[in-house]
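Novice: The structure is given below, and queries will be raised subsequently.
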Amino acid sequence: MTDPQIAIMMLGIFILIIFLGFPIAFTLMALGIGFGYYAYYDPDRMWRAYNRAVENDADTWTQWETWLDGFINNRIFDLFVNQTYSVMANEILTAVPLFLFMGYIVERANIVDRLFETLYIAARRVPGAMAVAALITCTMFATATGIVGAVVTLMGLLAFPAMLKARYGISFAAGVICAGGTLGILIPPSIMLIVYAAASGVSIVRLYAGALLPGLLLAGLYLVYVIGRAIAQPSIAPKPTDEEVGDIGTGRLIVMVITSFVPLAVLIFAVLGSILFGLATPTEAASAGALGGLGLAAAYGALTWQRLRESVYLTMKTTAMVCWLFVGSWVFSSVFSYLGGEHLISEFVTGLDISPITFLIMAQLIIFLLGWPLEWSEIIIIFVPIFLPLLPHFGVDPLFFGILVALNLQTSFLTPPMAMSAYYLKGIAPPHVQLTQIFSGCMPYLAMVLLSMATVYVFPQIVFYLPELIYGR
Amino acid sequence: MTKFVLFIDSVTGWFGKAFAWLILLMAFGMGYEVMMRYFFNAPTSWAFDMSYILYGTLFMMGGAYTLSRNAHVRGDFLYRLWRPRTQATVELVLYIFFFFPGVIALVVAGWKYAARSWRYLEVSVNSPAGIPVFQFKTMLVVAGMLLFIQGIAQICRCIICLRTGEWLQHEEDVEELEQVLIKQAAAGHLDDAERIARGRDDA
């Protein structure tokens, strides 16, 4: 077998082990070490000291020792520690635990309830007011926390029953919450984009600037759909009676907005703004966001010892999960490309003689399919890097590709049969709500994600406008 | 054997949880840097090194803790359909072939790497402040050792499961909010779940 074929075998074994459900980070590490040992094997390094010991008639113990020394005298070990260390000292990934911590604190800050109520009252004259309020709450809350499951379950417990009580269609109400909650991994400052930046080498600030308009475009599409559907089909989003709306004066409403909407909005804009305008690095902005989140939680009387502990430990677990995946992936991929696997793939794909648009569609289709069984972290850290070396050949900007991937991965939460968001909602919904009703509620949003991807492809300026405006070309 | 597993869990759990608090140090440290830079025009020389040292230490020390709580990502779409005994058999084999090689390599190679750094008490080259990094490189070895003992505990878990047909539950631990809520709902306590969601559970 030639080396590139062995590389493909390595990839094959890896995929097999994923299917068996073993923790992926360690599988990658072990395969990297094993195949790397073969790839970097150098008989001279291995046997020199041992042979000399044997020639000199050294005692058995010394012979063993020189053998062992020779055994671990392989460049894969240096490569391994160097790659691990480069994850440990990575200046982009430092923002990950801080953003996670901010998210965990904000999700425990008792904010959803207030925000939803305020937005509902503010939007009560709009068709489908409750769905609109739910969508905006989801979007804002998801942007600030970035944790899809938490947004969907919290909203599912607070806004969903309220919508059902107001005689909203079950599917309609479910779709809003599932799709709105998923926006958190797309709209900056999202952790997924940091991870993509670390995996691809694209500047994180450019990615944030590039993702902002597509993210807002998608949220805007959702909003138009919700209002449009409520007008076209009033039966699924009935107008509240005057009695249900209650009588709340403008003054009272302003107070509510100031105490619930404004602080969270300020927090998001401060974090994002300071990154985009170069006032702070993402890491610094994230720590400011974390401190702001602590302040917010304290102001809402939600900063208990118990919740702080939970946030701290959860931050640890999720950070370790993401970063160990990086350790494994970088070891694996450097061995894979040293063996020539990367070259083989790129020769194969360029040999197919396909147009850039076919390539893009195929790549996105593969990522879409991977989104069924896998989570976004695995897809971005392990599989997306396989496509990255192919991008220059097809003249695709990695920034542009990253935004398409980010949009695409929205679908992985919404596509049956593995739609995570739908399962989260089902998990906390009243028993009479069927999973199929939730699925059918998600369908229109899938169509909108595809529509937004097509729009971004046709008008790439949606992605490039802000980065070029702020940072130049 | 059960006691041994729980003991290892508590050891790695202690390390993971203790080092998790570094996140607060990170947030306040970086916050201090931003404040000094903008309000006092006196940026610190150590903040950058501090940020990655704290971050790197944090996640390296959490690897074993995360493993013990089964929180490392796995593609478990088939796995979760199997009976516990099947799961344990597969996992036992996979731990031996796909866990220990990497972890042992981490300890051995990390040792050489850290020893070199200790020999001249290496400091960071990023700033003139001379922030030491040899202790940071030692984390490779410590993390590897923690993972190693946790790996042994995981193997014992598999063996226990093979014997009893049930997975040994790990100690009480923090859970993602959505898991807490879904569990409450599954147990028929929708109103409790709602109370937690409104934040009225402990306030």
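Values in this text are rule-based calculations from the coordinates and carry no lab data. Nothing here was measured: the structure is a model prediction, and the numbers come from that model. Reconstructed Cβ throughout: ideal geometry from the backbone, glycine too, with neighbour counts over all protein chains shown.
Novice: Specify the residue with the greatest mean-square fluctuation among B:F100, B:F134, B:F77, computed from a Gaussian network of chain B linking alpha-carbon atoms under 10 Å apart.
Specialist: Taking springs between Cα atoms under 10 Å, the residue moving most is B:F77.
Novice: For the protein assembly as shown, how big is the tail of P(r) above 49 Å, as a whole percent of Cα pairs?
Specialist: 14 percent
Novice: Take the alpha-carbon centre of the range B:1-78, take the same for the range A:177-253, and report the distance between them in whole Å.
Specialist: Cα centres, the range B:1-78 to the range A:177-253: 31 Å.
Novice: Taking +1 at the Cβ of each Lys and Arg and -1 at the Cβ of each Asp and Glu, which of B:A64, A:P238, A:A199 sits farthest along the dipole of the protein assembly as shown towards its positive end, judged by Cα position relative to the Cα centre?
Specialist: Result: A:P238, furthest along the dipole toward the positive end.
Novice: Something else now. Per residue of B:15-21, how many C-beta atoms from partner chains lie within 10 Å of its own C-beta, taken as a mean?
Specialist: Averaged over the peptide's residues, the number is 4.
Novice: Evaluate the Kirkwood expression for the hydrodynamic radius of the range A:294-403, namely the inverse of the mean inverse distance over all pairs of different C-alpha atoms, and round to one decimal in Å.
Specialist: 16.9 Å
Novice: Any chance you could tell me what percent of the C-alpha pair distances in the range A:27-120 go past 18 Å?
Specialist: That tail contains 68 percent of the Cα-Cα pairs.
Novice: If you count, for every residue in B:25-34, the Cβ atoms of partner chains within 10 Å of its Cβ, what is the mean?
Specialist: Taking all residues of B:25-34 together, the mean is 6.
Novice: Whole percent per 10 Å bin, from 0 to the bin with the longest distance: what is P(r) over all C-alpha pairs of the range B:72-144?
Specialist: 17, 29, 21, 17, 12, 3
Novice: Rank these for me by crowding, A:H432, B:H189, going from fewest to most other beta carbons within 10 Å.
Specialist: With the sparsest Cβ surroundings first, the list reads A:H432, B:H189.
Novice: Can you tell me, using C-alpha contacts under 8 Å and at least 6 residues apart, the relative contact order of chain A as a whole percent?
Specialist: 26 percent
Novice: In terms of modelled amide H atoms, which long-range or inter-chain residues lie less than 5 Å from the amide H of B:V123?
Specialist: Here the answer is B:V133, since their amide H atoms fall under 5 Å of that of B:V123.
Novice: With a 10 Å Cβ neighbour count serving as the proxy for reagent exposure, in which order, fewest first, do A:E375, B:E91, A:E468, A:E55 appear?
Specialist: A:E55, A:E468, A:E375, B:E91
Novice: Then there is this: Mind checking which of A:Y50, A:G70, A:G32 is farthest towards the positive end of the range A:1-154's charge dipole, using Cβ charges of +1 (Lys, Arg) and -1 (Asp, Glu) about the Cα centre?
Specialist: A:G32
Novice: OK, next. How would you rank B:K183, B:K17, B:K137, going from fewest to most other Cβ atoms within 10 Å of each one's own Cβ?
Specialist: Neighbour counts put them in this order, fewest first: B:K183, B:K17, B:K137.
Novice: Please give the charge dipole size of the protein assembly as shown, origin at the Cα centre, charges +1 on K and R Cβ atoms and -1 on D and E Cβ atoms. Round to the nearest 20 debye.
Specialist: About 920 debye.
Novice: In peptide A:212-224, how many Cβ atoms from other protein chains are near each Cβ within 10 Å, on average?
Specialist: Average per residue, whole number: 0.
Novice: Report the relative contact order of the range A:239-393, percent, no decimals, based on alpha-carbon pairs under 8 angstrom and at least 6 residues apart.
Specialist: 16 percent
Novice: Report, in deg cm²/dmol and to the nearest 500, the calculated mean residue ellipticity at 222 nm for the protein assembly as shown, where each DSSP H run with n ≥ 4 adds -39500 (n - 2.57) and the sum is divided by the residue count.
Specialist: Helices in the protein assembly as shown give a 222 nm mean residue ellipticity of -24500 deg cm²/dmol.
Novice: Kirkwood Rh over Cα pairs of the range A:83-220 into Stokes-Einstein at 37 °C, 0.692 mPa s: D in µm²/s?
Specialist: Diffusion coefficient, whole number: 207 µm²/s.
Novice: Okay, next question. May I ask which residue of A:L79, A:F141, A:Y41 lies farthest towards the positive end of the charge dipole of the range A:8-151, with charges of +1 (Lys, Arg) and -1 (Asp, Glu) on Cβ and the Cα centre as origin?
Specialist: So the residue we want is A:F141.
Novice: Could you tell me which helices of chain A pass both thresholds, a Cα extent of 27 Å or more along their own axis and a mean Kyte-Doolittle hydropathy of at least -1.0, with helices taken as whole DSSP H runs?
Specialist: A:204-232, A:305-338, A:435-458
Novice: So which chymotrypsin sites (Phe, Trp or Tyr not before Pro) in the range A:1-74 pass both tests, a DSSP loop state and at most 15 other Cβ atoms within 10 Å of the Cβ?
Specialist: A:Y41
Novice: When only C-alpha pairs under 8 Å and at least 6 residues apart count, what is the relative contact order of the range A:182-242, in percent?
Specialist: Value for the range A:182-242: 26 percent.
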